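The values are calculated or read from the model by the stated rules, or taken from the named source; none is laboratory data. The structure presented is a predicted model; accordingly, all values stated were derived computationally and were not measured. Glycine gets a Cβ as well: all are built from the backbone with ideal geometry, and neighbour counts include every protein chain shown. The protein model used for the area step is the full one, side chains on, heavy atoms only, and it has no ligands, DNA or RNA in it. Shrake-Rupley method; radii C 1.70, N 1.55, O 1.52, S 1.80 Å.
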Amino acid sequence: SKDLFGHYVDSFAKHLNEHYKTYPEGAAGRFLDIGGTGSTASGMAQVTSKFQHFAGPLEYWILDSDPGAKELERTLYCDIDDCPKAESCGFDVTFSHTVLEHAQRPWKSFDTIARLTKKGGLTMHLVPFSYQYHATPDDNYRFSHKALTTLLEDRGFTVLEVGYDICTKPNNMLRRIDEHYDVIWLTYVIGRKN
């Protein structure tokens, strides 16, 4: 269906803006970026605020199992598959960007996401559907729109939007031979916790 194709950034921005409009002036809340530091253990440069602009009026937090996250402020150092130290219903928005394919047991990751997200809160995730193997440090799963819908609905979320974003290499990189596909399919989902 044509309705399944869109641009994830536009969809995320639309739903975040709608969600943030419901907050009274000066209201407090928290935004959780799952996997938000990058994989320093795999040689990536550490980041600490890549998606902070998505947090809008909310306090930006990170959850990451990468050793580089241990000493960062407002960071939960744990595995998304099992993070008992994270406060239940402690986050207004839970978010991940090409992270959950690295989880060993993504159904447990979604159990944790459901536990951490406040009632009425948003959850937004971008994952690969067709993408090269990229072990940082592991690469375990690919997700269709049906898989993401089931993973959220089975955990008490209403799916607000789900779809695919097809990305192509920039023209100046097409002749470059590397591990990246020329065209990749990403799957995105946005849900509200019931």
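Of the conditions (1) modelled with pLDDT under 95; (2) over 15 Å from the mean Cα position of the chain (by Cα), T98 clears all except one; give me its number. (2) is the only condition that T98 fails. Of the residues examined, N140 is not one that is open to solvent by 40 Å² or more (accessible area, probe 1.4 Å), farther than 24 Å from L16 by Cβ, free of Cβ contacts under 8 Å to residues at least 24 places away in the same chain and not charged (D, E, K, R). Does any residue of the range 88-99 turn out to be more than 20 Å from E161 (Cα to Cα) and touching a Pro at 6+ places or on another chain (Cβ under 9 Å)? For the range 88-99, residues more than 20 Å from E161 (Cα to Cα) and touching a Pro at 6+ places or on another chain (Cβ under 9 Å): absent.
I'm trying to understand the selection: among the residues of the range 13-36, which are more than 21 Å from the chain's Cα centre (by Cα) and touching a residue at least 24 places away in the same chain (Cβ under 8 Å)?
Filtering the range 13-36 for residues more than 21 Å from the chain's Cα centre (by Cα) gives 21-28.
Listed by number, the residues that qualify are Y23, A27, A28.
The residues on offer are L148, L186, and the sole one that is at pLDDT 85 or above, aliphatic (A, V, I, L, M) and within 20 Å of T112 (Cα to Cα) is L148.
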